[in-house]
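Participant: I'd like to ask some things about the structure below.
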Amino acid sequence: MPVHKPERRLLHFISLAFVKKKVAGGGQRPVVAGLSLTSMIDFLVVTVVFLLMSFSASGEFGIPKGVQLPKAENVMDMIDAPVVAVTGRQILVDGAPAGNVGSIIEADRLQVIEELKVLLKQRREYWISLKGKDKPHPGVVVLTIDQNVPALVVKSVFQTAAQSGYPNVSFMVDSLPHAK
Amino acid sequence: MAGVDVGGGGGKKRAVDAEINMIPFIDLLLVTISFLLITAVWTHMARLNADAQVPGKPSDDPPVDGPKPKDLHIEMRGTEKFVLQWKQGQQVVNSVELPRKEVKIVQKSVEVIRFPDLAVKIAEEWKTNGQHAAATDEKTDRAVLHTDNKTEYKYIIGVIDALYSTQRDRTFPGGKTEKIPAFNVTFAVN
């Protein structure tokens with residue numbers, strides 16, 4: 001189909017006074033309501049800006065299925081560090097299996113979890129190989145633990161992390177607003 | 001069609017002002033809003049800090065003789081009471097007992113454990129016995145948590161949260177002052 005030069009448009013160049021009069025109401029209430037695009041676009045732009053500013057990277061910390069985090073008020077912002085997750089059944093380091101919760105409960109004593117220790121040491125050595133020996137290792141690890149896990153498992157993971165070169169342990173929690 | 005046209009051109013000449021088509025612009029904004037709303041994270045993750053107290057590298061400097069720091073030991077093994085003890089090394093300096101009154105709140109089917117009485121008592125104890133209250137002091141008092149092996153993790157977090165409700169001012173070298181927890185928590189091995 002050939003492309004034609006645009007012709008003159010109705011209502012813009014051809015006035016059609018009777019149509020304008022009808023639409024405008026002709027002294028009565030108009031039949032067509034106008035939509036103010038300016039305010040609508042303003043609203044959309046403000047919404048986009050607000051959503052972009054409130055977009056948080058802290059949601060990127062993947063919480064394994066089956067982990068229900070406890071809630072706390074007096075918290076600190078999250079940091080980027082290796083994540084050790086403890087579900088009701090197993091221990092994971094950044095998603096990789098690193099121990100069994102059942103065997104710790106069965107043993108009924110505080111212990112160093114060897115698989116976890118090996119994986120954490122590997123991560124520490126990898127960090128040092130990347131950053132160089134001159135830069136001190138931060139030694140920070142984040143524990144993502146299900147709220148019903150017994151203290152024996154928590155203490156065992158805590159002690160293992162400390163012995164693997166991660167003395168600064170942080171417990172991941174769901175932030176609560178401050179009560180008045 | 002929605003658009004912005006300021007007219008011009010006079011019928012013969014080319015219009016000096018171009019017409020901006022608003023529909024794709026509005027479409028773009030709506031798609032952006034939809035994307036941001038769908039990908040938004042509505043739960044806010046945070047952390048509670050703890051210190052595993054691992055000894056550092058051996059130093060050539062001779063050990064400094066002086067009074068040992070006072071630590072607050074929180075005994076939460078009993079179901080009826082908390083025992084708060086200030087210890088200097090192995091010596092008990094002060095000991096207080098507190099009935100264990102927990103407040104359980106259910107939020108979106110998640111049980112939240114709080115110890116408001118414990119938080120108040122810890123704040124009082126720190127005001128009396130705390131050693132690192134100065135804003136320029138970079139150290140914090142240490143709290144040692146004693147818990148039995150069967151206590152559920154949510155109760156431990158409840159106690160740590162009560163501990164961290166006591167806060168103090170800390171002035172950093174640049175002159176900036178912030179509120180920081182008055183205690184740093186660690187676990188007792190027993």
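The values are calculated or read from the model by the stated rules, or taken from the named source; none is laboratory data. Because the structure is a prediction, the values reported are computed rather than measured. Because the Cβ atoms are built from the backbone with ideal geometry, glycine has one as well, and the counts that use them run over all protein chains shown.
Participant: Checking the structure you have, find out if any residue of region B:7-15 is modelled with pLDDT under 85, assigned to a strand (DSSP E or B) and surrounded by 12 or more Cβ atoms within 10 Å (Cβ to Cβ).
Facilitator: no
Per-residue answers, yes or no, for (1) over 18 Å from the mean Cα position of the chain (by Cα); (2) among the basic types (K, R); (3) surrounded by 11 or more Cβ atoms within 10 Å (Cβ to Cβ); (4) at pLDDT 90 or above:
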| site | (1), (2), (3), (4) |
| --- | --- |
| A:R8 | yes, yes, no, no |
| A:F18 | yes, no, no, no |
| A:V23 | yes, no, yes, no |
| A:Q28 | yes, no, no, no |
| A:A33 | yes, no, no, no |
| A:M40 | yes, no, yes, no |
| A:S54 | no, no, no, no |
| A:G62 | no, no, yes, no |
| A:K65 | no, yes, no, no |
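Participant: Would you confirm whether or not region B:162-171 contains a residue that is touching a residue at least 60 places away in the same chain (Cβ under 8 Å), part of a strand (DSSP E or B), within 9 Å of another protein chain (Cβ to nearest Cβ) and within 17 Å of the chain's Cα centre (by Cα)?
Facilitator: no
Participant: Considering only residues that are closer than 18 Å to B:S165 by Cα and surrounded by fewer than 18 Cβ atoms within 10 Å (Cβ to Cβ), which ones fall in region B:106-120?
Facilitator: B:P116, B:D117, B:V120
Participant: Another one. Keeping to region A:152-166, report how many residues are surrounded by 20 or more Cβ atoms within 10 Å (Cβ to Cβ) and either in contact with a helix residue (DSSP H, G or I) (Cβ under 6 Å, 6 or more places away or on another chain) or assigned to a loop (DSSP other than H, G, I, E, B) (or both).
Facilitator: Of the residues in that region, 6 qualify.
Participant: Could you tell me whether any residue of region A:77-90 is more than 24 Å from B:F183 (Cα to Cα), in a helix (DSSP H, G or I) and touching a strand residue (DSSP E or B) at 6+ places or on another chain (Cβ under 9 Å)?
Facilitator: no
Participant: So if I check each of A:A161, A:A85, which one is within 12 Å of chain B (Cβ to nearest Cβ) and not acidic (D, E)?
Facilitator: When all the criteria are applied, what remains is A:A161.
Participant: Another question, then. Considering only region B:118-154, state which residues are away from chain A (no Cβ under 14 Å) and among the charged types (D, E, K, R).
Facilitator: Within region B:118-154, B:K121, B:E124, B:E125, B:K127, B:D137, B:E138, B:K139, B:D141 qualify.
Participant: A follow-up question, please. Only one residue in A:D146, A:D108, A:D94, A:D134 is away from chain B (no Cβ under 13 Å) and either touching a residue at least 12 places away in the same chain (Cβ under 8 Å) or surrounded by 18 or more Cβ atoms within 10 Å (Cβ to Cβ) (or both). Which one?
Facilitator: Being away from chain B (no Cβ under 13 Å) and either touching a residue at least 12 places away in the same chain (Cβ under 8 Å) or surrounded by 18 or more Cβ atoms within 10 Å (Cβ to Cβ) (or both) holds for just one of A:D146, A:D108, A:D94, A:D134, which is A:D94.
Participant: Based on this model, can you work out whether B:P173 counts as surrounded by fewer than 19 Cβ atoms within 10 Å (Cβ to Cβ) and modelled with pLDDT under 90?
Facilitator: Answer is yes for this residue.
Participant: Okay, moving on. Mind telling me which of the residues B:T166, B:T140 ends up being polar (S, T, N, Q), in contact with a strand residue (DSSP E or B) (Cβ under 7 Å, 6 or more places away or on another chain) and modelled with pLDDT of 90 or more?
Facilitator: B:T166 is the lone residue from the list that is polar (S, T, N, Q), in contact with a strand residue (DSSP E or B) (Cβ under 7 Å, 6 or more places away or on another chain) and modelled with pLDDT of 90 or more.
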